[in-house]
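Chemist: First, the structure itself, so that you have it in front of you.
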Amino acid sequence: MKISPMDIQQQQFKGKMLGGLDPEDVDAFLQSVAGEMEELIRENNDLKERLNRNAQAMADMEAREVQLRETMLAAQRITEEMKGNAQKEAHLIVSEAELKGERIVADAENRLLQLNNQIQELRREKVQFESGFKSLLDNYYKLLTLDK
């Protein structure tokens, strides 16, 4: 059973015939107790209100914490995706560069082969020219020596 300050103020005591309670002392005491109870009830209500505000603030902070965690996880996933994409792109660039380098080397080797073939052809033509020219000189020499 809860006792309110009003219950205390309205409480009536029965007096004894001989040596009973002094009604003024009892009333003064009851007023004092009622005042204390009013203060305690007010304080209790204030504390309950503060507790409710703090509980609401805590719930808000927990919700923010959940949001922050989700945001951090999302940012971490995005960062990992970006790293993965950057690595894939880097591998692709390196592969393309390697292919380009291989093509350049192959083209250079083909050009070298063509130049070597041209050099061989020019050497063969030189030998043919020298032998033809020598043969021509020999023929002229023979013609010159026969007339004498």
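The values are calculated or read from the model by the stated rules, or taken from the named source; none is laboratory data. Computed from a prediction, not measured in an experiment: that's the story for all the values here. Positions of Cβ are generated from backbone atoms using ideal geometry, with glycine treated the same way; all protein chains shown enter the neighbour counts. Heavy atoms of the whole protein, side chains included, go into the accessibility calculation; ligands, DNA and RNA do not. Shrake-Rupley method; radii C 1.70, N 1.55, O 1.52, S 1.80 Å.
Chemist: So how strong a dipole does the stretch 29-72 carry about its Cα centre when Lys and Arg Cβ are +1 and Asp and Glu Cβ are -1, to the nearest 20 debye?
Modeler: Working: 6 positive and 10 negative charges, 32 e Å.
Rounded to the nearest 20 debye, it is 160 debye.
Chemist: Roughly how many debye, to the nearest 20, is the charge dipole of the chain about its Cα centre, given +1 on each Lys and Arg Cβ, -1 on each Asp and Glu Cβ, and no other charges? Don't skip to the end; give the middle numbers.
Modeler: Numbers: 21 positive and 28 negative charges, 356 e Å.
For this selection, approximately 1720 debye.
Chemist: Next up: If I compute solvent accessible area with a 1.4 Å probe over the protein chains, what percent of it on the stretch 32-148 is carbon and sulfur? Intermediate values should be presented prior to the final figure.
Modeler: Details: 6390 of 11000 Å².
Of the solvent-accessible surface of the stretch 32-148, carbon and sulfur hold 58 percent.
Chemist: Rounded to the nearest 10 degrees, what's the angle between the helix 23-146 long axis and the longest principal axis of the chain, both from Cα atoms, 0 to 90?
Modeler: The angle comes out near 0 degrees.
Chemist: Does the chain come out rounded, prolate or oblate by the C-alpha gyration tensor, with a ≥ b ≥ c the root eigenvalues, rounded set by a/c under 1.5 and, if not, prolate when a/b is larger than b/c and oblate if not? Each step should come with its number before you reach the end.
Modeler: Details: a/c = 20.69, a/b = 14.21, b/c = 1.46.
Here the chain falls in the prolate category.
Chemist: Further question on the same structure: Of the lysine pairs in the chain, how many meet both conditions: Cα atoms under 23 Å apart, and a spacing of 8 or more in sequence or different chains?
Modeler: Numbers: Lys2/Lys14; Lys2/Lys48; Lys88/Lys100; Lys126/Lys134; Lys134/Lys142; Lys134/Lys148.
Value for the chain: 6.
Chemist: To continue, here is another question. So with the 1.4 Å probe, I'd like the accessible area per residue for the stretch 1-90, rounded to whole Å².
Modeler: On the way: 8360 Å² over 90 residues.
Value returned for the stretch 1-90: 93 Å² of accessible area per residue.
Chemist: Classify the stretch 80-122: rounded, prolate or oblate, from the alpha-carbon gyration tensor (a ≥ b ≥ c, eigenvalue square roots; a/c under 1.5 rounded; otherwise prolate if a/b is larger than b/c)? Write out the running numbers ahead of the final one.
Modeler: Values: a/c = 11.18, a/b = 11.12, b/c = 1.01.
Note, shape of the stretch 80-122 comes out prolate.
Chemist: If you don't mind, another one. Using +1 at the Cβ of each Lys and Arg and -1 at the Cβ of each Asp and Glu in the stretch 6-83, identify which of Ile41, Met61, Phe29 lies farthest towards the dipole's positive end.
Modeler: Of Ile41, Met61, Phe29, it is Met61.
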